[in-house]
Amino acid sequence: MAGNSQRRNRRTSNKKGAQVGSGGKRRRGLEGKGPTPPASARKGHVQNRVANSKAKLTARRQVARRGGKGTSEMVVGRNPVFEALRDGVPATTLYVQQYIENDERVREALQLAADRGGIHLMEAPRPELDRMTNGLNHQGMVLQVPPYEYAHPEDLAATAFDDGEDPLIVALDGITDPRNLGAVVRSVTAFGGHGVVVPERRAAGMTAGAWKTSAGTAARTPVARATNLTRALESYQKAGLAVVGLAADGDTEVGDLPALGGPVVIVVGSEGKGLSRLVGETCDYRVRIPMPGGAESLNAGVAAGVVLYEAARRRS
């Protein structure tokens, strides 16, 4: 009898399913978890990994497209401050020394700042201005110039293509004088170009001096900053632009190059050293400007203007 009872209990214990009750868990399990998410949203799925990679790449591109900002700058001295305000150099704050002698130049600078609007006028004691300018002869006037917002090199060509135009861009290789940069910006604007590219290091940037030389055109023509100029030029080539380098020993004269009539980036080197080796090797064409007068070279602003004129002539 005892053996039969044990066998019955064993058979009872082998029954499938809950013996007491599921507490509703089984019913909730049958309800499901909603529609199956797409493969790109399921963690661990290959399409989810692909989607995540694409999102990260897009984020990196968005960061890369920000050309970044330059550093803020101080313009010091009564005449430089007046000229900067007169020539439209961007400014955020004009610092004026307490109890300053109110001569004609001071009055004119204050009037220009008031007329432009958006410039804060701050009165400061002389020791504070000395500290701000590291002891420079500020003559009681200091103008704060905000950091310049650079474009990304790819944006210059993209904007031109979006407008249905062939890009016309100037790249500067080894130009360290901001006045040359400003002159090039002015020429690019005059001949319908789409922007200027400068290297991030060892090159002139958009300082107050460059703004002044551009005669206000820097407000309309973007300047882009490239981390690596050679790679930026290679990127332009992939986008269909011809890269034309100016060189005294170029194979072709500027007037004989049909490529200037299409999408093109013109590379101008320094007056002394010319194009750097890697940049020169990257160029599709190396052209020269004929100079019957016998001059050895032209400064960057003049050279760029000559080639831009030829490019504009071919496009008209």
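Miscellaneous remarks
Residue-wise test of (1) crowded, with 16+ Cβ neighbours inside 10 Å; (2) part of a loop (DSSP other than H, G, I, E, B); (3) at pLDDT below 90.
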{"site": "V50", "(1), (2), (3)": "no, no, yes"}
{"site": "T58", "(1), (2), (3)": "no, no, yes"}
{"site": "R61", "(1), (2), (3)": "no, no, yes"}
{"site": "G67", "(1), (2), (3)": "yes, yes, yes"}
{"site": "V75", "(1), (2), (3)": "yes, no, no"}
{"site": "P80", "(1), (2), (3)": "yes, no, no"}
{"site": "G88", "(1), (2), (3)": "yes, yes, yes"}
{"site": "Y99", "(1), (2), (3)": "no, yes, yes"}
{"site": "V106", "(1), (2), (3)": "yes, no, no"}
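- Condition met for G280 (assigned to a loop (DSSP other than H, G, I, E, B), touching a strand residue (DSSP E or B) at 6+ places or on another chain (Cβ under 7 Å), modelled with pLDDT under 95 and open to solvent by less than 30 Å² (accessible area, probe 1.4 Å)): no
- If you go through region 219-235 and keep only what is buried (at least 20 other Cβ atoms within 10 Å of the Cβ) and over 14 Å from the mean Cα position of the chain (by Cα), you end up with just L233.
- Checklist (1) closer than 20 Å to A224 by Cα; (2) out of contact with any helix residue (DSSP H, G or I) (no Cβ under 8 Å at 6 or more places or on another chain) applied to L168, failing item: (2)
- Looking only at region 241-256, and only at residues there that are part of a loop (DSSP other than H, G, I, E, B) and open to solvent by 10 Å² or more (accessible area, probe 1.4 Å), the one that is farthest from M291 (Cα to Cα): D251
- Candidates K212, K238, filtered to the one that is in contact with a Gly (Cβ under 8 Å, 6 or more places away or on another chain) and open to solvent by 40 Å² or more (accessible area, probe 1.4 Å): K212
- Just one of the listed residues (T230, T189, T221) is assigned to a loop (DSSP other than H, G, I, E, B) and on the phi < 0 side of the Ramachandran plot, namely T221.
- Candidates are the residues of region 142-189 that are buried (at least 23 other Cβ atoms within 10 Å of the Cβ) and of a type in the set (S, T, N, Q); the one that is nearest to D130 (Cα to Cα) is N180.
- Among (1) exposed (fewer than 15 other Cβ atoms within 10 Å of the Cβ); (2) over 24 Å from the mean Cα position of the chain (by Cα) - the single one R286 does not satisfy: (1)
- Residue list for region 113-123, filter: surrounded by 19 or more Cβ atoms within 10 Å (Cβ to Cβ) and more than 13 Å from V142 (Cβ to Cβ): none
- Options Y236, Y285: the member that is within 13 Å of V170 (Cβ to Cβ) and aromatic (F, W, Y): Y236
- T176 under 14 Å from the mean Cα position of the chain (by Cα) and either within 26 Å of G240 (Cα to Cα) or of a type in the set (S, T, Y) (or both): no
The values are calculated or read from the model by the stated rules, or taken from the named source; none is laboratory data. This one's a predicted model, so the numbers in the text were calculated from it and none came from an experiment. Ideal geometry is used to build each Cβ from the backbone, glycine not excepted, and the neighbour counts take in all protein chains shown. Accessible surface areas use protein heavy atoms only, side chains included; no ligands, DNA or RNA. Shrake-Rupley method; radii C 1.70, N 1.55, O 1.52, S 1.80 Å.
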